[in-house]
Amino acid sequence: MSKAFTRESDSEDEELSLPPLPVGGKNYITPQGYERLKTELLALIDEERPRVVEIVHWAASNGDRSENGDYIYGKKRLREIDRRIRFLTQRLEIAEIADPSVHHGKDQVFFGATVVYVDDADVERTVTILGIDEADTLQGQISWVSPVARTLLKSRVGDEVSLVTPHGVQVLQVLKVDYPEPSLPAGDHTD
């Protein structure tokens, strides 16, 4: 079979496919999350990709490429970098920056809220509702499209909401809602 009609691996493209957004939904992200993605993109474009291109160029100039580990690994790494650049570019293009600090002092759950709730088993949990591209469950951050976040959104302190799970309906009671404080513009300082 001609090499032109083969693919290295379909799983590589699936690995970085865009996480699904709700139909008609937006890709909400905090200003800090947006900056992190943008910083990563610029580092890939300005630093890492040129360094790998240089290694691949050097390795290619050494002759036989079929057994040249630097060349083979470099080309693979270059494909990974290019995929990540495409992924980040797409995500940043559709990102809708939402600053959670505008809700500071409010007791209703919106995007960016840190929510303390208790479940049916009297287990207290704290979660921060963030964008798909910035949520880290190990840090207690959940995506705004997750079932827990969607259940909590628009509720208020003291509300009981019903979370539908594969094991049945679980009642969550909202105990506390916090938002980050608004940052002062440069030059504005309170004395």
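Worth pointing out:
- With respect to (1) crowded, with 16+ Cβ neighbours inside 10 Å; (2) in contact with a helix residue (DSSP H, G or I) (Cβ under 6 Å, 6 or more places away or on another chain), the lone exception for A98 is condition (2).
- Unique match (being in contact with a Gly (Cβ under 9 Å, 6 or more places away or on another chain), open to solvent by less than 70 Å² (accessible area, probe 1.4 Å) and farther than 16 Å from I132 by Cβ) among A60, A43: A60
- F110 fulfils the conditions (1) open to solvent by 70 Å² or more (accessible area, probe 1.4 Å); (2) in contact with a His (Cβ under 7 Å, 6 or more places away or on another chain) except for a single criterion, (1).
- Selection within the range 36-69 - within 15 Å of T89 (Cβ to Cβ), without any contact (Cβ under 8 Å) to a residue 24 or more places away in the chain and of a type in the set (A, V, I, L, M): L42, A43
- Any chance T114 is touching a Phe, Trp or Tyr at 6+ places or on another chain (Cβ under 8 Å) and closer than 25 Å to P182 by Cβ: yes
- Leading residue by the ranking (nearest to Y28 (Cα to Cα)) among those in the range 125-182 that are assigned to a loop (DSSP other than H, G, I, E, B) and either of a type in the set (V, I, T) or open to solvent by 70 Å² or more (accessible area, probe 1.4 Å) (or both): I132
- Selection within the range 63-79 - open to solvent by less than 60 Å² (accessible area, probe 1.4 Å) and either in a helix (DSSP H, G or I) or in contact with a helix residue (DSSP H, G or I) (Cβ under 7 Å, 6 or more places away or on another chain) (or both): N68, G69, Y71, G74, R77, L78
- Listed by first and then second residue, the pairs linking a residue in the range 105-116 that is in contact (Cβ under 8 Å) with a residue 40 or more places away in the chain to a residue that is surrounded by 20 or more Cβ atoms within 10 Å (Cβ to Cβ) and of a type in the set (S, T, N, Q), with Cβ atoms under 7 Å apart and 6 or more places separating them unless they lie on different chains, are V109/S155; G112/T30; T114/T128.
- Looking across the range 83-121 at every residue that is assigned to a helix (DSSP H, G or I) and among the basic types (K, R), the one that is nearest to S162 (Cα to Cα) is identified as R91.
The values are calculated or read from the model by the stated rules, or taken from the named source; none is laboratory data. As the structure is a computational prediction, the values presented were derived from the model and not from experiment. Virtual Cβ from ideal backbone geometry, glycine too; neighbours counted across all protein chains shown. Surface areas here come from the heavy atoms of the whole protein model, side chains and all, with no ligands, DNA or RNA. Shrake-Rupley method; radii C 1.70, N 1.55, O 1.52, S 1.80 Å.
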